[in-house]
Amino acid sequence: MTTDEFHLRASSFGGVADVYERTRPGYPDDAVRWLTGDQPVRVLDLGAGTGKLTRSLVAAGHDVVAVDPSEPMLAQLRTALPAVDARAGTAERLPLDDASVDVVTAGQAYHWFDPATALPEIARVLRPGGRLGLVWNLRDDSVGWVDELWSMFGDHEGRRADDPQVITPFGPVEQRTFRHEQRLDRDGLLGLVASRSYVAILTAPEREALLTRVGALYDRVAGPDGVVLPYATHCYRSTRG
C-alpha cells in the first residue's frame, strides 16, 4: 500500500460510519476479559470507531474513555453509548493526562497507528503496570464460501494477524485466539463488505460491480436465516513497565 493510499483508506471511515455501525461484528466476551482482566478498571478504547469494542468494555463494568479521529464515527458511538466519555484524537496525540488509565485497547485499529509515535504516547497515558490490549477479528476461511468471499478482494484483506511489535517500556507480547461468529442477512453482508476501507475508496461503478458479485454469492449459499460468518479473534497484550 502506498502512503497516499494508506491515508486515503484511513480517512474513508467517516463516509461509511452508519453502515460500519450496522454491520461490523463485536468481540467475544472471553476475549475482552483476557485483554482487560476480570476487575473493572479505567480503559482507553483507542481507535474506538462506532464503539464495537467499547460496548463490550462497558458491559464488563469498565470506566471507558473512547478516542477516535473520525467525528462521524464518534457520532455513531455517542448515539449508541451516550454515557461514554468520547473524545476526538489520534493514537499519536492522545487527549488524556499522564498515567490516567489502567488499560489501553485497540479493536481493529492498531494497523492504522504509527507505532514509533503511538507507543510512547500510549505508555504516557498508562499507569505503570498497565496493559496494552490489541484485537482483530479475522475471517475463518476454512469455510468454502467464506474463502470465496474474501478472495474477491485480493491482497486488500489480510489472511492472518501480524504479531504487533512493541518497544520499551512495554514487556513481552502474549497472544491468544478466540472463536467468534456473526449472523448476517443479505443487506448485512453487503454492508459488511461496503464498510471496508478499500471498498469505500472505489469508484461507484467498481463498488457496485463488487457488491453485485457479493450479492450473487449470498443468494447461492444463504439459508432461511441468512449466513453465519465465522471469525478467529486474535488478541495480543503487553504490560507497561
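For the range 213-241, what are the residues that are among the aliphatic types (A, V, I, L, M), assigned to a helix (DSSP H, G or I) and open to solvent by less than 10 Å² (accessible area, probe 1.4 Å)?
Once the filter is applied, which keeps residues that are among the aliphatic types (A, V, I, L, M), assigned to a helix (DSSP H, G or I) and open to solvent by less than 10 Å² (accessible area, probe 1.4 Å), the range 213-241 yields V214, L217.
Mind checking which residues of the range 126-146 are among the hydrophobic types (A, V, I, L, M, F, W, C) and farther than 14 Å from G47 by Cβ?
Scanning the range 126-146 gives L126, L138, V143, W145, V146.
Determine the pairs where a residue that is among the charged types (D, E, K, R), located within the range 96-113, has a partner that is at pLDDT 95 or above and open to solvent by less than 10 Å² (accessible area, probe 1.4 Å) with Cβ atoms under 8 Å apart, the partner being 6 or more residues away or on another chain.
D97/V125; D98/V125; D102/V43; D102/L126; D102/G130
Looking only at strands (runs of 3 or more DSSP E) that fall completely inside the range 56-122, which ones have 2 or more residues that are surrounded by fewer than 16 Cβ atoms within 10 Å (Cβ to Cβ)?
85-88
Mind checking which pairs have a first residue in the range 124-142 that is in a helix (DSSP H, G or I) and a second that is buried (at least 17 other Cβ atoms within 10 Å of the Cβ) and modelled with pLDDT of 95 or more, Cβ under 6 Å, 6 or more apart or different chains?
V125/L94; V125/L96; V125/V101
Restricting to the range 28-51, name every residue that is touching a residue at least 24 places away in the same chain (Cβ under 8 Å), of a type outside the set (G, A, S), open to solvent by 20 Å² or more (accessible area, probe 1.4 Å) and over 22 Å from E92 (Cβ atoms).
Within the range 28-51, D29, D30, R33, W34, V41 meet the criteria.
Name every residue in the range 168-202 that is hydroxyl-bearing (S, T, Y) and under 24 Å from the mean Cα position of the chain (by Cα), in order of residue number.
T177, S195, S197, Y198
I need the full set of residues from the range 20-48 which are outside any loop (DSSP other than H, G, I, E, B) and touching a helix residue (DSSP H, G or I) at 6+ places or on another chain (Cβ under 6 Å), in order please.
So the first thing to find is which residues in the range 20-48 are outside any loop (DSSP other than H, G, I, E, B), and the list is 20-23, 29-36, 42-46.
Those that are outside any loop (DSSP other than H, G, I, E, B) and touching a helix residue (DSSP H, G or I) at 6+ places or on another chain (Cβ under 6 Å): E21, R22, T23, V32, V43, D45.
The values are calculated or read from the model by the stated rules, or taken from the named source; none is laboratory data. For clarity, every value in this text was computed on a predicted model and none was experimentally measured. Heads up, the Cβs are rebuilt from the backbone with ideal geometry, glycines too, and the neighbour counts pull from every protein chain shown. Just so you know, the surface numbers come from the protein's heavy atoms only, side chains and all, with ligands and any DNA or RNA stripped out. Shrake-Rupley method; radii C 1.70, N 1.55, O 1.52, S 1.80 Å.
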